[in-house]
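Since the structure comes first, as structure tokens, the remarks are kept for the end.
The values are calculated or read from the model by the stated rules, or taken from the named source; none is laboratory data. Just so we're clear, the structure is a prediction, and the values are computed from it rather than from any experiment. No Cβ is skipped: glycine too gets one built from the backbone with ideal geometry, and neighbour counts run over all protein chains shown. Please note that ligands, DNA and RNA were not included when accessible areas were found on the heavy atoms of the full protein model with its side chains. Shrake-Rupley method; radii C 1.70, N 1.55, O 1.52, S 1.80 Å.
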Amino acid sequence: PLVRWLVGRQMAHAGGFQGRTNKLVDSCYSFWQGGAFPLVQSLLQSRGELAPGGAIYNAPALLDYLIVCAQVAQGGLRDKPGKGRDYYHTCYALSGLAVAASASELPGVPEGWVNGVRLINPIFNVVNDKVEAALEHFRAAE
């Protein structure tokens with residue numbers, strides 16, 4: 001049920017995610033919903049229910065939405081066209097962009113959209129190397 005619900009939140013016509021049924025797409029859900037996909041895909045792959053490199057959401061469509069629709073020319077990101085940019089949506093849209101950019105297959109996505117995007121840890125929403133350093137620090141302190 002969780003996987004079906006998550007997959008159903010990605011809107012086919014826009015590529016972005018909605019937070020709930022019958023709501024419009026909102027860029028922050030690219031992380032709140034999209035951040036769950038690497039975790040779910042890893043679990044399904046470990047159970048043999050998803051082929052390695054397989055995907056259960058459309059990362060290129062999400063990147064399209066974030067770069068084409070959510071990006072503001074003056075900088076920052078907004079929840080949807082017609083809205084203003086703000087720090088909240090910029091933070092979580094960038095986090096969702098980082099999750100989507102780490103997908104194994106990104107057909108049709110220009111390299112410039114994902115070059116330089118660092119891998120984030122979808123549990124902590126922090127770049128992965130910083131999470132690893134923090135975990136190592138606290139392991140050594142034990």
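Averaged per residue, the chain has 59 square angstrom of accessible surface, using a 1.4 angstrom probe with ligands and nucleic acids left out. Measuring how big the stretch 70-142 is from its alpha-carbon positions, Rg and Dmax come out at 15.3, 51 Å. Kirkwood-type hydrodynamic radius, the stretch 39-87: 12.9 Å, calculated from all non-identical alpha-carbon pairs. Charged neighbours of residue 70, selected by a Cβ distance under 12 Å, balance to 0 (K, R count +1; D, E count -1).
If you take the square roots of the eigenvalues of the alpha-carbon gyration tensor of the stretch 1-74 and sort them as a ≥ b ≥ c, do you get rounded (a/c under 1.5), prolate (a/b over b/c) or oblate? Verdict is prolate for the stretch 1-74. Taking label points 7 Å from Cα along the Cα-to-Cβ direction, residue 140 and residue 7 give a separation of 4.4 nm.
Between rounded, prolate and oblate, where does the chain land on the alpha carbon gyration tensor, with a ≥ b ≥ c its root eigenvalues, rounded for a/c under 1.5, else prolate if a/b exceeds b/c? Verdict is oblate for the chain. Protein heavy-atom surface of the chain, 1.4 angstrom probe: 57% of the accessible area is carbon and sulfur, with nucleic acids and ligands not counted.
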